[in-house]
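Quick notes on the structure that follows.
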Amino acid sequence: KNHLEKTANLVEKALERLQNKIDSMESLSDEERETALSLITGLQTELNATKTKIAGFDANTTKEEVKTVTAELKDIMQETNKLQRRVVGLLVNAKLRVLVDKQAGLHDAMQEKIDALVAEGKDVSGLESILAEFDAKVETLKSDFDIAEDKWMQIGTVEDFDLFNRGLRRAQNQVRKDLEDLRESLHEFVKANKELVSEETETDETPENET
């Protein structure tokens, strides 16, 4: 009985830590937060029922009853371990969302640089081409991130957790690849913009020919 009570208390603390982690994650959507907390609450309810059974053990409790409750507690422990891994996946998604939003917000700044050069009479066709490519990649990024979000939201219906976890990681890795592609386009834009600005500086510094 003492061993089962200690184990149950450890599981309870693990669930509390998960709940605190979810509560502290600011970049979660309402749906993600509600889904995660619902899963935690469900396990807490099961655990409380099992703890009640353990507390009721006495000299008349049969070995079969102890065996049954032990199996119940083991199942809750396994589900808690899975949920911990799921929360890690959710945390990754939350961090990726910040990066996705940041990249999606770069268009206006890039367009401002193009407009400034247009006002100076510069040929910005190269920059416009890079920006168009950048915008297309942003749309791909958003789409792939939606897939990663949807993957995580399927956790309530998952039967094969390992398969679910592999699918989620693949989706998240695709988002990382998209982000890397965007960084390359941004670097290309910055380089091309710098070259155009440098042309202007060089022109200003070139002395006029004496007549």
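The values are calculated or read from the model by the stated rules, or taken from the named source; none is laboratory data. Computed from a predicted model, the values in this text were never measured in an experiment. Please note: Cβ atoms are built from the backbone with ideal geometry, for glycine as well, and neighbour counts cover all protein chains shown. To get the accessible areas, we keep the full protein, side chains included, count just its heavy atoms, and leave off ligands, DNA and RNA. Shrake-Rupley method; radii C 1.70, N 1.55, O 1.52, S 1.80 Å.
Between residue 30 and residue 119, what FRET efficiency comes out of the Förster formula 1/(1 + (r/R0)^6) with R0 = 41 Å and r the beta carbon distance, rounded to 0.05? Efficiency, from the Cβ-Cβ distance: 0.40. Relative to the dominant Cα principal axis of the chain, helix 63-104 is inclined by about 10°.
Think of a 1.4 Å ball rolled over the protein heavy atoms: the stretch 53-149 then has 57 Å² of accessible area per residue. Stretching the chain fully between residue 161 and residue 191 yields a gain of 6.3 nm (0.36 nm per residue, less the alpha carbon separation). With respect to the chain, whose longest principal axis is taken over its alpha-carbon atoms, helix 107-119 is tilted by about 0°.
Given in Å, the Rg to one decimal and the Dmax to the nearest whole number for the Cα atoms of the stretch 1-123 are 24.7, 93. In plain terms, the chain from residue 78 to residue 20 could stretch by 18.9 nm, reckoned as 0.36 nm per residue minus the Cα-Cα distance.
Within the accessible area of the chain, the carbon and sulfur atoms contribute 49%, probe 1.4 Å, all protein chains present. Shown here: percent of Cα pairs over 30 Å apart, derived from the displayed model; of the candidates (i) 49; (ii) 19; (iii) 33, it corresponds to (i).
Computed from Cα positions, the angle between helix 161-205 and the longest principal axis of the chain comes to roughly 20 degrees.
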